[in-house]
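S.K.: Dropping a structure here in structure tokens format, bear with me for questions.
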Amino acid sequence: MGLSKLLLSGAIVFSVAAAGYAQRAVAVSTLPATPNPKAFERALPKQKHSHGMCARAVRVAVEELTGKKLERRDYAKEYGGPLLKTGCYMKSSASVHPRNYDVRILLPRKRSHYGHIEVFYRGNWYSDFRQPASLWNVWPKEYAGIQHYRFVGQDAATPGAYRVASAQGVRRATPVRTMSRSGSVQRVSRVRAVKANSRSAMPTRTTPLF
């Protein structure tokens, strides 16, 4: 009888230890990846004009940066979930200053619109081309709000503040409260224009909208 109790207590101790080890293994596996800036830079587009492939270009760049595959989505506006699942990004306020590797999703005003996705690096915004600025500022009438995803990977580069300016002045994204179809309260980014000047100095849209 004493031997059976000893064996039973040993089995319980072993089970508890195994469970703890498994939990530690899961915690380690879900840690953000160490970024690979060189691979990320190589993946960034060099061209100055869009080919309507913003989702693919940003997805490839993020995959090179994190070493993790993103789930495929049909439209740029749908990539928020895949970014969060990598464990390397967290959703942030739409009004924050961008830092290296941050990703923005621009939500369309029309349901049929694909939206837009862009990634920030060293003072520039990239999609499938090197943009003159965030398209939130370049084509303000095309987008209704911003979803900003902050990179939280290990050993991230020291962030540099970046302030978006244009001939129209600074456009700040101000979160407001709205109701979803299910009745729950959501926070949605809206636009507040500051010091609106002439639009004549803004670049003309010569690339397809995406």
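Every number here is computed from the coordinates shown, using simple stated rules; none is lab data. Since the structure is predicted, the reported quantities are computational estimates derived from the model, not experimental observations. Backbone-built Cβ (ideal geometry, glycine too); neighbour counts: all protein chains shown.
S.K.: Under the condition of being in contact with a Ser or Thr (Cβ under 6 Å, 6 or more places away or on another chain) and not in a helix (DSSP H, G or I), which residue from region 48-70 is surrounded by the most Cβ atoms within 10 Å (Cβ to Cβ)?
M.R.: It comes out as S50.
S.K.: With the structure loaded, tell me whether L106 is aliphatic (A, V, I, L, M), buried (at least 20 other Cβ atoms within 10 Å of the Cβ) and either over 8 Å from the mean Cα position of the chain (by Cα) or more than 14 Å from F151 (Cβ to Cβ) (or both) or whether it fails that test. First the steps, then the outcome.
M.R.: Details: aliphatic (A, V, I, L, M): yes; buried (at least 20 other Cβ atoms within 10 Å of the Cβ): yes; either over 8 Å from the mean Cα position of the chain (by Cα) or more than 14 Å from F151 (Cβ to Cβ) (or both): yes.
Yes; evaluated as a whole, the condition is true for this residue.
S.K.: Is one or more of the residues making up region 51-58 of a type in the set (D, E, K, R) and more than 13 Å from Y149 (Cα to Cα)? It would help to see each step written out before you state the result.
M.R.: Going through region 51-58, the residues of a type in the set (D, E, K, R) turn out to be 56.
Restricting the remaining residues to those that are more than 13 Å from Y149 (Cα to Cα) gives 56.
Within region 51-58 (the criterion being of a type in the set (D, E, K, R) and more than 13 Å from Y149 (Cα to Cα)), the answer is yes, since at least one residue qualifies.
S.K.: Right, here's the next one. Quick one: what pairs do we get from region 109-134, first residue of a type in the set (K, R), second surrounded by 15 or more Cβ atoms within 10 Å (Cβ to Cβ), C-beta under 7 Å, 6+ apart or different chains?
M.R.: R109/E142; R109/Y143; R109/A144; R122/N100; R130/P45; R130/N124
S.K.: For the subset of region 109-123 comprising residues that are more than 12 Å from the chain's Cα centre (by Cα) and crowded, with 16+ Cβ neighbours inside 10 Å, which member is farthest from L83 (Cα to Cα)?
M.R.: First, pick out the residues of region 109-123 that are more than 12 Å from the chain's Cα centre (by Cα): 109-115, 121-123.
The next check asks that each one be crowded, with 16+ Cβ neighbours inside 10 Å; those that pass are 113-115, 121.
On the way: H113: 20, Y114: 17, G115: 16, Y121: 17 Å.
Top of the filtered list is H113.
S.K.: On to the next question. State which residue is surrounded by the fewest Cβ atoms within 10 Å (Cβ to Cβ) when the search covers only region 73-91 and only residues that are of a type in the set (K, R) and touching a helix residue (DSSP H, G or I) at 6+ places or on another chain (Cβ under 8 Å).
M.R.: Quick first cut of region 73-91, residues of a type in the set (K, R) only: 73, 77, 85, 91.
Right, trim to touching a helix residue (DSSP H, G or I) at 6+ places or on another chain (Cβ under 8 Å) and you get 73, 91.
Details: R73: 15, K91: 12.
Once the filter is applied, the top-ranked residue is K91.
S.K.: For Y79, all conditions in the list (1) over 20 Å from G123 (Cβ atoms); (2) over 9 Å from the mean Cα position of the chain (by Cα) hold save one; what is the number of the exception?
M.R.: Condition (2) is where Y79 drops out.
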